[in-house]
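Visitor: Below is a structure I'd like to ask you about.
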Amino acid sequence: MLTEERHQQIRDRLAAEGRVLAGELASRFGVSEDTVRRDLRELAKAGQLRRVYGGAIATAPFAAATIGERGSHAVEEKLRLAKVSAGLLAAGQSLFIDGGTTNEAVARAIQRDIELTVATNSLGVASALADHPSIRLIVLGGRYVRDLGTCVGGDTLAAVAQLSADLFFLGSCGLDVARGVTAFDSAEAEVKRAMARNSAGIVIAVTNDKLATAAPYRVAAPDAIRHLVVEKTAPAAILADFERLGAEIHFA
C-alpha cells in the first residue's frame, strides 16, 4: 500500500471514529508500527491529527463525526459490551446515562422486568427506554446538539444538579490511565463532569480503539471509574493500570 493510500485511510477512520491506534493500523495495512508512527507524524505536522500515546486523535474537522456516523462502527463489539454492562444493574437503582452509541446499546440491553430510575440527556437513550415498562425515565432538557445526540448547556446542568445517581454510565471519547476520561466537546464534557459529581460510581463500556487515547477536555480522573467493561482482547497492561486504581474489570 502506498503512503498516500495509508494517509487517506487514516483520515477516513479519524473522520468516522475520532481516533486511531498505531498497532491496529499496522495490522490493517500490513506494515510495521514504525511505518505507521511515521505516517502519524507526517499527518500531525500537516495539522490533520494530534498524536497521543498509542496512536492519534482527530482535530477539527475530523473530530466532528456525528453520532449517526459513529453508530456504524464496531456494532457487534458494542452489543457485547452493552449486554455485560446491563448485567451490572440491580433493581431500584438510579442511573445517569449520557450520550454515545455504546450507551444507547446499553439502554436497549436493560432487562424489561428491572425497576430503575434513569436520567439522560441523550435522545437516543431516551428513545431506547421510552417504552420500558419498569423504568422511571427523566429526560434532561437543554440545548440539543445534533452531532452529539445530546442536550447540553445551562438548563441541562441545572437539571443534573437536582438529581443524584447510584451509577453513571459515562460515554467516553478517550480513556487513558494518565489523563483519565476525556471528551471532544467542551459543553458535553461539562455535563459529563456534573453527572460524575452527582453519582456514587462510574461505569464505562469502551471498545479497544478508545483505550490509551485522549481527547482535549477532561471529564474524570482514572481512579473515579468503578466498573470498566472492555473487549476480551483489550490490552492486559492497560487494564492492569486501571485495576490498580480501583476499577473492577468486566470482559465482554
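Visitor: How large is the dipole of the chain about the Cα centre if only Lys and Arg carry +1 and Asp and Glu carry -1, each at its Cβ, rounded to the nearest 20 debye? Write down the numbers at each step before the final one.
Guide: Values: 29 positive and 30 negative charges, 66 e Å.
Approximately 320 debye in magnitude.
Visitor: Counting other beta carbons within 10 Å of each residue's own, what order do I249, I204 fall into, fewest first? All intermediate terms of the calculation are to be shown ahead of the outcome.
Guide: Details: I249 15, I204 27.
Fewest to most other Cβ atoms nearby, the residues stand as I249, I204.
Visitor: To the nearest 10 degrees, how steep is helix 3-17 against the longest Cα principal axis of the chain, on a 0 to 90 scale?
Guide: The answer is roughly 10 degrees.
Visitor: May I pose another question? Which trypsin sites (Lys or Arg not before Pro) does segment 187-232 hold that lie in a coil by DSSP with at most 11 other beta carbons within 10 Å? Mind showing how you got there, number by number?
Guide: Numbers: sites: K192, R193, R197, K210, R218, R226, K232; in loops: K232.
Qualifying residues, ordered by number: K232.
Visitor: Something else now. Between A237 and R146, with labels modelled 7 Å along Cα→Cβ, what's the label distance in nm to one decimal, could you check?
Guide: 4.4
Visitor: Hey, how many Å between the Cα centroid of segment 1-45 and the Cα centroid of segment 160-223?
Guide: 27
Visitor: Also, I was wondering about something else. Please report Rg over Rh for segment 3-64, where both radii come from the alpha carbon positions and Rh follows the Kirkwood definition.
Guide: Numbers: Rg = 10.1 Å, Rh = 11.1 Å.
Looking at segment 3-64, the ratio lands at 0.91.
Visitor: Enumerate the lysines that K78 could reach by cross-link, defined here as Cα to Cα under 28 Å, with residues fewer than 8 away along the same chain left out.
Guide: Reachable lysines: K192, K210, K232.
Visitor: Rounded to the nearest 5, what % of DSSP beta bridges with both residues in segment 70-251 are antiparallel? If you can, show how the numbers build up before the last one.
Guide: Working: 10 of 35 bridges.
Restricted to segment 70-251, the bridges split so that about 30 percent are antiparallel.
Visitor: Divide by every residue of the chain the summed helix terms, -39500 (n - 2.57) for each DSSP H run of at least 4, and state the resulting mean residue ellipticity at 222 nm, rounded to the nearest 500 deg cm²/dmol.
Guide: Numbers: 10 runs with 97 residues, N = 252.
My calculation for the chain gives -11000 deg cm²/dmol from helical runs alone.
Visitor: Please arrange T233, T207, T117, T213 by how many other C-beta atoms lie within 10 Å of their C-beta, fewest to most. Provide the component values of the computation, followed by the final result.
Guide: Details: T233 9, T207 20, T117 15, T213 24.
Least to most surrounded, the residues fall as T233, T117, T207, T213.
Visitor: Right, another one. Which order results if V145, V75 are arranged by neighbouring Cβ count within 10 Å, fewest first?
Guide: Details: V145 18, V75 10.
Result, fewest neighbours first: V75, V145.
Bear in mind these aren't lab numbers, they're just calculated from the coordinates by the rules spelled out. This structure is a prediction, so every number in the text was calculated from the model and none was measured. Virtual Cβ from ideal backbone geometry, glycine too; neighbours counted across all protein chains shown.
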